[in-house]
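Q: A single structure is presented below for examination.
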Amino acid sequence: MAPFIPDLALIADDLTGSLDTGLQFRKKGLTTIVPLDWSRPLPPAQALVFNTHSRNLPGETAYRRVYRLCRRLQARALYKKIDSTMRGNVGREALAILDARKIEKAVVVPTVPVMGRTVEKGILRVHGVPLLRTAYARDPFHPLSSSRVSSLLERESGESVGFIGIREVRKGPESLAARISEVPARLLSLDAVEQADLRIIAAACGLLSGRVLPCGSVGLADELQLPFRRESRQPRRKFLPGPILIISGSLNPATAAQIEAARERSGFPLVEPDLSRLTHPRASAAEARALARRLGEKLFPEGGAILTTTFQEHLPGKETSIPGVLGKTAVHLLRETCLGGLVLTGGDLAMGVCQRLASTALRIEEEVLPGIPCSTLTDGPFKGLRVVTKAGGFGEKDALWRIIQYLRGKNA
(Lines give C-alpha, C1' and ligand atoms only; values in the text may rest on other atoms or scores of the structure.)
Protein backbone atom coordinates (compact mmCIF):
# COMPACT_ATOMS: atom_id res chain seq x y z
CA MET A 1 0.00 0.00 0.00
CA ALA A 2 0.99 3.64 -0.34
CA PRO A 3 3.16 5.32 2.32
CA PHE A 4 0.63 8.13 2.69
CA ILE A 5 -2.77 7.87 4.34
CA PRO A 6 -5.67 9.22 2.23
CA ASP A 7 -8.45 11.15 3.90
CA LEU A 8 -11.03 8.78 2.46
CA ALA A 9 -11.07 5.26 1.01
CA LEU A 10 -14.11 4.16 -0.95
CA ILE A 11 -14.66 0.44 -1.60
CA ALA A 12 -16.78 -0.44 -4.66
CA ASP A 13 -17.52 -3.69 -6.48
CA ASP A 14 -17.36 -2.45 -10.09
CA LEU A 15 -15.72 0.34 -12.07
CA THR A 16 -18.73 2.47 -13.01
CA GLY A 17 -19.81 2.42 -9.36
CA SER A 18 -16.29 3.42 -8.29
CA LEU A 19 -16.37 6.39 -10.60
CA ASP A 20 -19.96 7.61 -10.13
CA THR A 21 -19.67 7.54 -6.33
CA GLY A 22 -16.09 8.83 -6.32
CA LEU A 23 -17.49 11.75 -8.30
CA GLN A 24 -19.45 12.86 -5.22
CA PHE A 25 -16.19 13.40 -3.34
CA ARG A 26 -14.57 15.14 -6.31
CA LYS A 27 -17.54 17.54 -6.26
CA LYS A 28 -16.70 18.27 -2.61
CA GLY A 29 -13.23 19.41 -3.71
CA LEU A 30 -11.20 16.27 -2.97
CA THR A 31 -8.61 15.01 -5.44
CA THR A 32 -10.15 11.64 -6.29
CA ILE A 33 -8.36 8.81 -8.08
CA VAL A 34 -9.38 5.27 -9.00
CA PRO A 35 -6.31 2.97 -9.21
CA LEU A 36 -6.52 0.46 -12.06
CA ASP A 37 -3.34 -1.47 -11.20
CA TRP A 38 -2.93 -2.33 -7.51
CA SER A 39 0.51 -3.86 -8.12
CA ARG A 40 1.94 -0.40 -8.79
CA PRO A 41 2.52 2.31 -6.14
CA LEU A 42 -0.75 4.05 -5.44
CA PRO A 43 -0.96 7.67 -6.58
CA PRO A 44 -1.32 10.28 -3.81
CA ALA A 45 -4.87 11.59 -3.54
CA GLN A 46 -7.22 12.84 -0.85
CA ALA A 47 -9.74 10.17 -1.85
CA LEU A 48 -8.80 6.77 -3.25
CA VAL A 49 -11.51 4.60 -4.77
CA PHE A 50 -10.84 0.86 -4.83
CA ASN A 51 -12.72 -1.30 -7.33
CA THR A 52 -12.63 -4.86 -6.00
CA HIS A 53 -14.32 -6.09 -9.22
CA SER A 54 -16.28 -8.51 -7.06
CA ARG A 55 -19.94 -7.95 -7.95
CA ASN A 56 -20.25 -11.19 -9.89
CA LEU A 57 -17.97 -13.32 -7.70
CA PRO A 58 -19.25 -16.02 -5.32
CA GLY A 59 -20.07 -14.55 -1.91
CA GLU A 60 -17.19 -16.11 0.02
CA THR A 61 -14.66 -15.11 -2.65
CA ALA A 62 -15.94 -11.54 -2.59
CA TYR A 63 -15.75 -11.50 1.23
CA ARG A 64 -12.10 -12.60 1.20
CA ARG A 65 -11.10 -10.09 -1.48
CA VAL A 66 -12.63 -7.15 0.40
CA TYR A 67 -11.35 -8.41 3.78
CA ARG A 68 -7.74 -8.67 2.55
CA LEU A 69 -7.87 -5.20 1.04
CA CYS A 70 -9.26 -3.60 4.20
CA ARG A 71 -6.83 -5.37 6.53
CA ARG A 72 -3.91 -3.56 4.92
CA LEU A 73 -5.69 -0.38 3.89
CA GLN A 74 -5.06 2.84 5.83
CA ALA A 75 -7.48 5.74 5.59
CA ARG A 76 -9.03 8.31 7.90
CA ALA A 77 -12.57 7.41 6.78
CA LEU A 78 -14.27 4.58 4.87
CA TYR A 79 -17.32 4.41 2.62
CA LYS A 80 -18.76 1.24 1.07
CA LYS A 81 -20.35 1.83 -2.30
CA ILE A 82 -23.22 -0.55 -3.10
CA ASP A 83 -25.38 -1.02 -6.16
CA SER A 84 -28.57 1.06 -5.98
CA THR A 85 -30.58 -2.02 -7.00
CA MET A 86 -28.83 -4.34 -4.49
CA ARG A 87 -27.00 -6.45 -7.07
CA GLY A 88 -23.79 -8.11 -5.97
CA ASN A 89 -22.54 -9.28 -2.58
CA VAL A 90 -23.76 -6.26 -0.63
CA GLY A 91 -24.07 -7.88 2.80
CA ARG A 92 -21.01 -10.11 2.59
CA GLU A 93 -18.75 -7.26 1.50
CA ALA A 94 -20.06 -4.96 4.24
CA LEU A 95 -19.38 -7.70 6.81
CA ALA A 96 -15.86 -8.13 5.41
CA ILE A 97 -15.13 -4.47 6.14
CA LEU A 98 -16.68 -4.69 9.62
CA ASP A 99 -14.54 -7.73 10.44
CA ALA A 100 -11.32 -6.34 8.96
CA ARG A 101 -11.63 -2.88 10.55
CA LYS A 102 -13.37 -3.88 13.81
CA ILE A 103 -16.36 -1.63 13.10
CA GLU A 104 -19.56 -2.35 15.06
CA LYS A 105 -22.19 -2.21 12.34
CA ALA A 106 -23.11 -1.04 8.85
CA VAL A 107 -26.12 0.95 7.64
CA VAL A 108 -27.29 -0.04 4.15
CA VAL A 109 -29.04 2.70 2.16
CA PRO A 110 -29.32 2.19 -1.64
CA THR A 111 -31.60 5.24 -2.10
CA VAL A 112 -30.79 7.64 -4.96
CA PRO A 113 -33.78 9.98 -5.34
CA VAL A 114 -32.48 11.69 -8.49
CA MET A 115 -32.34 8.24 -10.15
CA GLY A 116 -35.75 7.16 -8.86
CA ARG A 117 -34.36 4.72 -6.26
CA THR A 118 -36.25 4.97 -2.95
CA VAL A 119 -36.73 2.76 0.11
CA GLU A 120 -39.92 3.05 2.17
CA LYS A 121 -41.29 0.48 4.63
CA GLY A 122 -38.20 -1.51 3.72
CA ILE A 123 -39.21 -1.88 0.04
CA LEU A 124 -36.78 -0.73 -2.66
CA ARG A 125 -38.51 0.87 -5.63
CA VAL A 126 -37.19 2.11 -8.97
CA HIS A 127 -39.32 5.00 -10.25
CA GLY A 128 -42.12 3.78 -8.01
CA VAL A 129 -41.97 0.15 -9.18
CA PRO A 130 -41.00 -2.51 -6.60
CA LEU A 131 -37.55 -3.88 -7.39
CA LEU A 132 -38.79 -7.41 -8.05
CA ARG A 133 -40.97 -6.13 -10.92
CA THR A 134 -38.07 -4.39 -12.72
CA ALA A 135 -35.47 -5.66 -15.20
CA TYR A 136 -32.86 -5.54 -12.42
CA ALA A 137 -34.49 -8.55 -10.75
CA ARG A 138 -33.53 -10.65 -13.77
CA ASP A 139 -29.80 -9.91 -13.60
CA PRO A 140 -28.09 -13.07 -14.99
CA PHE A 141 -25.44 -13.06 -12.28
CA HIS A 142 -27.61 -12.02 -9.32
CA PRO A 143 -31.32 -12.69 -9.89
CA LEU A 144 -33.25 -11.10 -7.05
CA SER A 145 -35.90 -12.78 -4.90
CA SER A 146 -37.48 -9.83 -3.06
CA SER A 147 -38.03 -6.08 -3.12
CA ARG A 148 -37.34 -5.87 0.63
CA VAL A 149 -33.78 -4.75 1.36
CA SER A 150 -33.51 -6.61 4.68
CA SER A 151 -34.70 -9.87 3.07
CA LEU A 152 -32.13 -9.57 0.30
CA LEU A 153 -29.38 -8.92 2.84
CA GLU A 154 -30.42 -11.80 5.10
CA ARG A 155 -30.58 -14.28 2.26
CA GLU A 156 -27.22 -13.20 0.86
CA SER A 157 -25.25 -12.76 4.10
CA GLY A 158 -26.83 -15.37 6.35
CA GLU A 159 -27.15 -12.83 9.19
CA SER A 160 -30.18 -11.22 10.79
CA VAL A 161 -30.73 -7.66 9.60
CA GLY A 162 -32.15 -4.74 11.56
CA PHE A 163 -34.57 -2.18 10.12
CA ILE A 164 -35.23 1.49 10.85
CA GLY A 165 -38.27 3.04 9.18
CA ILE A 166 -38.82 6.50 7.77
CA ARG A 167 -40.50 7.91 10.90
CA GLU A 168 -37.46 7.09 13.02
CA VAL A 169 -35.13 8.49 10.36
CA ARG A 170 -37.01 11.80 10.22
CA LYS A 171 -36.72 12.39 13.96
CA GLY A 172 -33.28 13.80 13.22
CA PRO A 173 -29.58 12.84 13.37
CA GLU A 174 -29.23 12.62 17.18
CA SER A 175 -32.30 10.44 17.60
CA LEU A 176 -31.33 8.27 14.63
CA ALA A 177 -27.78 7.81 15.91
CA ALA A 178 -29.18 6.61 19.24
CA ARG A 179 -31.55 4.22 17.46
CA ILE A 180 -28.76 2.80 15.30
CA SER A 181 -26.72 2.17 18.46
CA GLU A 182 -29.64 0.35 20.09
CA VAL A 183 -30.32 -2.13 17.29
CA PRO A 184 -28.28 -5.29 18.01
CA ALA A 185 -27.88 -6.45 14.39
CA ARG A 186 -24.61 -5.73 12.59
CA LEU A 187 -26.39 -4.96 9.31
CA LEU A 188 -29.18 -2.36 9.29
CA SER A 189 -31.53 -1.41 6.46
CA LEU A 190 -32.72 2.20 6.66
CA ASP A 191 -35.65 3.82 4.88
CA ALA A 192 -34.88 6.91 2.79
CA VAL A 193 -37.20 8.48 0.23
CA GLU A 194 -35.91 12.02 -0.25
CA GLN A 195 -32.46 13.57 -0.35
CA ALA A 196 -33.23 15.20 3.00
CA ASP A 197 -33.55 11.70 4.51
CA LEU A 198 -30.07 10.85 3.27
CA ARG A 199 -28.79 14.08 4.81
CA ILE A 200 -30.11 12.99 8.21
CA ILE A 201 -28.58 9.51 7.84
CA ALA A 202 -25.20 10.96 6.83
CA ALA A 203 -25.25 13.28 9.84
CA ALA A 204 -26.10 10.34 12.13
CA CYS A 205 -23.17 8.39 10.69
CA GLY A 206 -20.98 11.39 11.43
CA LEU A 207 -22.06 11.31 15.07
CA LEU A 208 -21.11 7.62 15.17
CA SER A 209 -17.81 8.05 13.28
CA GLY A 210 -15.61 4.97 13.58
CA ARG A 211 -18.46 2.86 14.95
CA VAL A 212 -20.72 2.70 11.88
CA LEU A 213 -19.86 1.98 8.24
CA PRO A 214 -22.01 3.94 5.76
CA CYS A 215 -22.99 1.72 2.81
CA GLY A 216 -24.81 3.42 -0.02
CA SER A 217 -24.76 4.59 -3.61
CA VAL A 218 -24.24 8.10 -4.99
CA GLY A 219 -27.15 9.50 -2.95
CA LEU A 220 -25.71 8.91 0.53
CA ALA A 221 -22.17 9.69 -0.63
CA ASP A 222 -23.31 13.14 -1.73
CA GLU A 223 -24.43 13.95 1.83
CA LEU A 224 -21.44 12.72 3.84
CA GLN A 225 -19.85 15.42 5.97
CA LEU A 226 -16.10 15.55 5.35
CA PRO A 227 -13.93 17.47 7.84
CA PHE A 228 -10.93 17.27 5.50
CA ARG A 229 -8.95 20.02 3.80
CA ARG A 230 -10.26 20.57 0.30
CA GLU A 231 -8.30 21.70 -2.71
CA SER A 232 -9.45 24.49 -4.98
CA ARG A 233 -11.63 23.37 -7.87
CA GLN A 234 -9.89 22.68 -11.17
CA PRO A 235 -11.04 24.76 -14.15
CA ARG A 236 -13.41 23.08 -16.59
CA ARG A 237 -11.53 21.19 -19.29
CA LYS A 238 -11.77 22.56 -22.80
CA PHE A 239 -13.27 20.76 -25.78
CA LEU A 240 -10.82 18.36 -27.41
CA PRO A 241 -11.20 17.68 -31.14
CA GLY A 242 -11.57 14.21 -32.57
CA PRO A 243 -14.29 11.61 -33.02
CA ILE A 244 -16.19 10.10 -30.11
CA LEU A 245 -16.43 6.37 -29.54
CA ILE A 246 -19.27 4.94 -27.45
CA ILE A 247 -18.91 1.32 -26.31
CA SER A 248 -21.83 -0.40 -24.63
CA GLY A 249 -22.02 -3.90 -23.22
CA SER A 250 -25.04 -3.31 -21.00
CA LEU A 251 -28.23 -5.31 -21.61
CA ASN A 252 -30.30 -2.89 -19.54
CA PRO A 253 -33.38 -1.65 -21.46
CA ALA A 254 -32.54 1.91 -20.38
CA THR A 255 -29.22 1.68 -22.22
CA ALA A 256 -30.93 0.41 -25.37
CA ALA A 257 -33.29 3.40 -25.35
CA GLN A 258 -30.36 5.79 -24.78
CA ILE A 259 -28.44 4.32 -27.73
CA GLU A 260 -31.44 4.67 -30.03
CA ALA A 261 -31.95 8.30 -28.95
CA ALA A 262 -28.26 9.10 -29.46
CA ARG A 263 -28.23 7.50 -32.93
CA GLU A 264 -31.29 9.45 -34.00
CA ARG A 265 -29.87 12.81 -32.94
CA SER A 266 -26.16 12.33 -33.71
CA GLY A 267 -26.24 10.16 -36.81
CA PHE A 268 -23.51 7.96 -35.30
CA PRO A 269 -23.38 4.57 -37.06
CA LEU A 270 -23.99 1.42 -35.03
CA VAL A 271 -21.31 -1.29 -35.18
CA GLU A 272 -22.15 -4.72 -33.78
CA PRO A 273 -19.57 -7.50 -33.48
CA ASP A 274 -19.99 -11.11 -34.47
CA LEU A 275 -20.40 -12.53 -30.95
CA SER A 276 -19.57 -16.09 -31.97
CA ARG A 277 -16.19 -14.89 -33.29
CA LEU A 278 -15.70 -12.30 -30.56
CA THR A 279 -15.93 -14.95 -27.84
CA HIS A 280 -14.05 -17.74 -29.67
CA PRO A 281 -10.50 -18.17 -28.30
CA ARG A 282 -8.96 -18.60 -31.76
CA ALA A 283 -11.00 -15.91 -33.53
CA SER A 284 -11.35 -13.13 -30.93
CA ALA A 285 -8.06 -11.35 -31.73
CA ALA A 286 -8.87 -11.20 -35.45
CA GLU A 287 -12.42 -10.02 -34.70
CA ALA A 288 -11.04 -7.20 -32.48
CA ARG A 289 -8.78 -6.01 -35.31
CA ALA A 290 -11.61 -6.27 -37.83
CA LEU A 291 -13.92 -4.24 -35.59
CA ALA A 292 -11.23 -1.55 -35.20
CA ARG A 293 -10.91 -1.33 -39.00
CA ARG A 294 -14.69 -1.05 -39.42
CA LEU A 295 -14.82 1.71 -36.81
CA GLY A 296 -11.89 3.54 -38.35
CA GLU A 297 -13.66 3.62 -41.71
CA LYS A 298 -16.77 5.15 -40.15
CA LEU A 299 -15.13 7.79 -37.95
CA PHE A 300 -14.51 11.35 -39.05
CA PRO A 301 -13.20 14.30 -36.97
CA GLU A 302 -16.55 15.76 -35.88
CA GLY A 303 -18.39 12.46 -35.83
CA GLY A 304 -18.37 9.26 -33.85
CA ALA A 305 -19.58 5.67 -33.69
CA ILE A 306 -21.33 3.28 -31.31
CA LEU A 307 -19.81 -0.16 -30.74
CA THR A 308 -22.34 -2.26 -28.88
CA THR A 309 -23.58 -5.72 -27.94
CA THR A 310 -26.67 -4.27 -26.22
CA PHE A 311 -29.11 -5.46 -28.91
CA GLN A 312 -27.65 -8.94 -29.22
CA GLU A 313 -28.44 -12.06 -27.24
CA HIS A 314 -25.29 -12.83 -25.28
CA LEU A 315 -23.99 -16.37 -25.49
CA PRO A 316 -24.43 -18.22 -22.17
CA GLY A 317 -21.17 -18.49 -20.25
CA LYS A 318 -19.38 -16.08 -22.60
CA GLU A 319 -20.45 -12.79 -20.97
CA THR A 320 -17.18 -12.30 -19.10
CA SER A 321 -14.99 -12.52 -22.22
CA ILE A 322 -16.77 -9.79 -24.19
CA PRO A 323 -15.48 -6.69 -22.29
CA GLY A 324 -11.82 -7.63 -22.72
CA VAL A 325 -12.09 -8.16 -26.47
CA LEU A 326 -13.95 -4.87 -26.90
CA GLY A 327 -11.13 -3.32 -24.88
CA LYS A 328 -8.60 -4.69 -27.38
CA THR A 329 -10.69 -3.19 -30.16
CA ALA A 330 -10.50 0.23 -28.50
CA VAL A 331 -6.72 -0.05 -28.16
CA HIS A 332 -6.29 -0.96 -31.85
CA LEU A 333 -8.39 2.05 -32.79
CA LEU A 334 -6.62 4.46 -30.42
CA ARG A 335 -3.27 3.55 -31.95
CA GLU A 336 -4.51 4.92 -35.26
CA THR A 337 -7.05 7.59 -34.23
CA CYS A 338 -6.91 10.43 -31.69
CA LEU A 339 -10.33 10.31 -30.04
CA GLY A 340 -12.10 13.33 -28.62
CA GLY A 341 -13.59 11.10 -25.93
CA LEU A 342 -14.44 7.53 -25.00
CA VAL A 343 -17.84 6.67 -23.50
CA LEU A 344 -18.26 3.35 -21.65
CA THR A 345 -21.61 1.97 -20.49
CA GLY A 346 -21.80 -0.93 -18.03
CA GLY A 347 -19.45 -1.77 -15.15
CA ASP A 348 -17.92 -4.97 -16.55
CA LEU A 349 -17.47 -3.37 -19.96
CA ALA A 350 -15.78 -0.29 -18.48
CA MET A 351 -13.38 -2.46 -16.48
CA GLY A 352 -12.55 -4.67 -19.46
CA VAL A 353 -11.74 -1.67 -21.64
CA CYS A 354 -9.80 0.33 -19.05
CA GLN A 355 -7.64 -2.67 -18.08
CA ARG A 356 -6.29 -2.66 -21.65
CA LEU A 357 -5.53 1.04 -21.92
CA ALA A 358 -2.21 0.56 -20.06
CA SER A 359 -2.88 3.28 -17.47
CA THR A 360 -2.41 2.83 -13.73
CA ALA A 361 -5.31 5.07 -12.70
CA LEU A 362 -8.26 7.26 -13.62
CA ARG A 363 -8.54 10.77 -12.21
CA ILE A 364 -12.15 11.88 -11.71
CA GLU A 365 -12.51 15.38 -13.15
CA GLU A 366 -16.13 16.57 -13.12
CA GLU A 367 -19.79 15.70 -13.43
CA VAL A 368 -21.35 15.38 -16.88
CA LEU A 369 -24.83 14.44 -15.63
CA PRO A 370 -26.04 13.28 -12.19
CA GLY A 371 -24.06 10.14 -11.33
CA ILE A 372 -22.12 10.24 -14.62
CA PRO A 373 -18.49 11.43 -14.36
CA CYS A 374 -15.81 12.41 -16.82
CA SER A 375 -12.36 11.10 -15.89
CA THR A 376 -8.92 11.16 -17.51
CA LEU A 377 -6.20 8.53 -17.76
CA THR A 378 -3.32 9.58 -15.50
CA ASP A 379 -0.53 7.95 -17.51
CA GLY A 380 0.28 5.43 -20.23
CA PRO A 381 0.20 5.75 -24.03
CA PHE A 382 -3.24 7.37 -23.97
CA LYS A 383 -2.60 9.74 -21.06
CA GLY A 384 -5.18 12.51 -20.83
CA LEU A 385 -7.86 10.61 -22.77
CA ARG A 386 -11.29 11.68 -21.53
CA VAL A 387 -13.39 8.72 -20.42
CA VAL A 388 -17.07 9.13 -19.54
CA THR A 389 -18.52 6.14 -17.68
CA LYS A 390 -22.17 5.32 -17.05
CA ALA A 391 -23.80 2.50 -15.14
CA GLY A 392 -26.20 0.62 -17.41
CA GLY A 393 -29.40 1.79 -15.71
CA PHE A 394 -28.33 5.37 -15.00
CA GLY A 395 -29.54 8.43 -16.85
CA GLU A 396 -32.59 9.63 -18.75
CA LYS A 397 -33.37 8.64 -22.33
CA ASP A 398 -31.23 11.49 -23.72
CA ALA A 399 -28.20 10.74 -21.49
CA LEU A 400 -25.85 9.51 -24.24
CA TRP A 401 -26.81 12.41 -26.51
CA ARG A 402 -26.07 14.87 -23.71
CA ILE A 403 -22.72 13.14 -23.08
CA ILE A 404 -21.85 13.63 -26.75
CA GLN A 405 -22.76 17.31 -26.43
CA TYR A 406 -20.60 17.59 -23.31
CA LEU A 407 -17.58 16.08 -25.04
CA ARG A 408 -18.12 18.51 -27.90
CA GLY A 409 -18.15 21.42 -25.45
CA LYS A 410 -21.72 22.30 -26.36
CA ASN A 411 -23.50 22.10 -23.02
CA ALA A 412 -22.83 23.94 -19.80
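The values are calculated or read from the model by the stated rules, or taken from the named source; none is laboratory data. All figures in this text were calculated on a predicted structure; none of them were measured in a lab. Here Cβ is always computed from backbone atoms with ideal geometry, including for glycine, and neighbour counts include all displayed protein chains. Accessible surface is based on the protein model in full, side chains and every heavy atom, while ligands, DNA and RNA are left aside. Shrake-Rupley method; radii C 1.70, N 1.55, O 1.52, S 1.80 Å.
Q: Of the conditions (1) over 15 Å from L226 (Cβ atoms); (2) in contact (Cβ under 8 Å) with a residue 60 or more places away in the chain; (3) assigned to a strand (DSSP E or B), P43 clears all except one; give me its number.
A: The one condition P43 does not meet is (3).
Q: Taking only the range 104-116 into account, find how many residues are surrounded by fewer than 19 Cβ atoms within 10 Å (Cβ to Cβ) and either among the hydrophobic types (A, V, I, L, M, F, W, C) or assigned to a strand (DSSP E or B) (or both).
A: So the count comes out to 1.
Q: Mind checking whether some residue in the range 168-182 is in contact with a helix residue (DSSP H, G or I) (Cβ under 6 Å, 6 or more places away or on another chain), of a type in the set (S, T, N, Q) and closer than 23 Å to A96 by Cα?
A: The answer is no; no qualifying residue exists.
Q: Suppose we keep only residues that are in contact (Cβ under 8 Å) with a residue 12 or more places away in the chain, part of a helix (DSSP H, G or I) and of a type in the set (S, T, Y) within the range 60-103. Which one would you say is nearest to R125 (Cα to Cα)?
A: So, considering only residues that are in contact (Cβ under 8 Å) with a residue 12 or more places away in the chain, part of a helix (DSSP H, G or I) and of a type in the set (S, T, Y), the one nearest to R125 (Cα to Cα) is Y63.
Q: Okay, moving on. What residue, among those in the range 137-165 that are crowded, with 18+ Cβ neighbours inside 10 Å and assigned to a helix (DSSP H, G or I), is modelled with the lowest pLDDT?
A: A137
Here is a yes/no grid of residues against (1) polar (S, T, N, Q); (2) farther than 22 Å from L30 by Cβ; (3) within 22 Å of the chain's Cα centre (by Cα):
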{"residue": "Y136", "(1), (2), (3)": "no, yes, yes"}
{"residue": "D139", "(1), (2), (3)": "no, yes, yes"}
{"residue": "S147", "(1), (2), (3)": "yes, yes, yes"}
{"residue": "R186", "(1), (2), (3)": "no, yes, no"}
{"residue": "G216", "(1), (2), (3)": "no, no, yes"}
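Q: Follow-up question, since we're still on this one. Is it the case that the range 314-327 has a residue that's of a type outside the set (A, V, I, L, M, F, W, C) and more than 19 Å from N56 (Cβ to Cβ)?
A: no
Q: Given the criterion within 19 Å of the chain's Cα centre (by Cα) and under 26 Å from A196 (Cβ atoms), identify the matching residue among V90, V66.
A: Within the list V90, V66, the selection yields V90.
Q: Moving to a separate point now. Report whether or not R233 is at pLDDT below 95, charged (D, E, K, R), surrounded by fewer than 23 Cβ atoms within 10 Å (Cβ to Cβ) and under 24 Å from the mean Cα position of the chain (by Cα).
A: Spelling it out, R233 is indeed at pLDDT below 95, charged (D, E, K, R), surrounded by fewer than 23 Cβ atoms within 10 Å (Cβ to Cβ) and under 24 Å from the mean Cα position of the chain (by Cα).
Q: How many of the residues in the range 124-136 are within 26 Å of Y63 (Cα to Cα) and either touching a strand residue (DSSP E or B) at 6+ places or on another chain (Cβ under 6 Å) or open to solvent by 40 Å² or more (accessible area, probe 1.4 Å) (or both)?
A: Of the residues in the range 124-136, 2 are within 26 Å of Y63 (Cα to Cα) and either touching a strand residue (DSSP E or B) at 6+ places or on another chain (Cβ under 6 Å) or open to solvent by 40 Å² or more (accessible area, probe 1.4 Å) (or both).
Q: Sort through F50, F25 and tell me the only one that's at negative phi and assigned to a strand (DSSP E or B).
A: Of F50, F25, the one residue that is at negative phi and assigned to a strand (DSSP E or B) is F50.
Q: Something else now. Within the range 189-207, is there a residue that is part of a helix (DSSP H, G or I) and open to solvent by 70 Å² or more (accessible area, probe 1.4 Å)?
A: Scanning the range 189-207, I find at least one residue that is part of a helix (DSSP H, G or I) and open to solvent by 70 Å² or more (accessible area, probe 1.4 Å), so the answer is yes.
Q: For the range 351-412, please list each of the strands (runs of 3 or more DSSP E) lying entirely inside it that holds at least 1 residues being basic (K, R) and crowded, with 24+ Cβ neighbours inside 10 Å.
A: 386-390
Q: Could you please give the count of residues in the range 147-162 that are under 16 Å from L190 (Cα atoms), touching a helix residue (DSSP H, G or I) at 6+ places or on another chain (Cβ under 6 Å) and either among the polar types (S, T, N, Q) or free of Cβ contacts under 8 Å to residues at least 60 places away in the same chain (or both)?
A: Residues meeting the conditions: 1.
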